[in-house]
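To start, the structure itself, in structure tokens.
The values are calculated or read from the model by the stated rules, or taken from the named source; none is laboratory data. All values reported here derive from a predicted model rather than from experimental measurement. In this analysis, Cβ positions are derived from the backbone assuming ideal geometry, glycine residues included, and neighbour counts consider all displayed protein chains. Areas reflect the complete protein model, heavy atoms only, side chains present, ligands, DNA and RNA absent. Shrake-Rupley method; radii C 1.70, N 1.55, O 1.52, S 1.80 Å.
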Amino acid sequence: GVTLIGVETFYQCKSLQAITLPESIRYIEYSAFCKCASLKYINIPKNVISIGALAFNSCLNLHSIVIPEGITSILCCTFESCSSLQFITIPKSVTLFEEKVFKGCYICKALISQKV
């Protein structure tokens, strides 16, 4: 019954390349995966309702991510410096983007889509 990935849980983890979180996860807290330079793939379960600021900041190899329906905001610097990010799916439930969410992501190359 793990329900959250705590503050800086995987901070600066150098070997984490992929992770599938259990369906019981509801919260990904501040800087949970910040600076996980090798992280390429993460499965965010549909039950997640909150992703903290800087959660994936500086994940240099993160290629794609799907934000689950139910998330209403993407907080400051969440994906900042994710320079390999090429695809992100953002559901219609997201109504607030705080500052610097995609700074340094070369977002002009990324495809941002919304579920219909």
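Within the chain, what is the number of lysine pairs with alpha carbons under 15 Å apart, leaving out pairs fewer than eight places apart on the same chain?
6
Using the crude model of +1 on Lys and Arg Cβ and -1 on Asp and Glu Cβ, and no other charge, please compute the dipole size for the chain relative to its Cα centre, in debye to 20.
The dipole magnitude comes to about 280 debye.
Tell me, what is the per residue accessible area of segment 1-115 in Å², probe radius 1.4 Å?
On a per-residue basis, 50 Å².
Identify which of the listed values of volume of the Cα convex hull per residue in Å³ was calculated from the structure shown: [x] 107; [y] 80; [z] 98.
Checking each listed value against the structure points to [y].
Give me the distance in nm between label points sitting 7 Å out from Cα along the Cα-to-Cβ direction at V66 and V94, one decimal.
Here the answer is 1.4 nm between the modelled labels.
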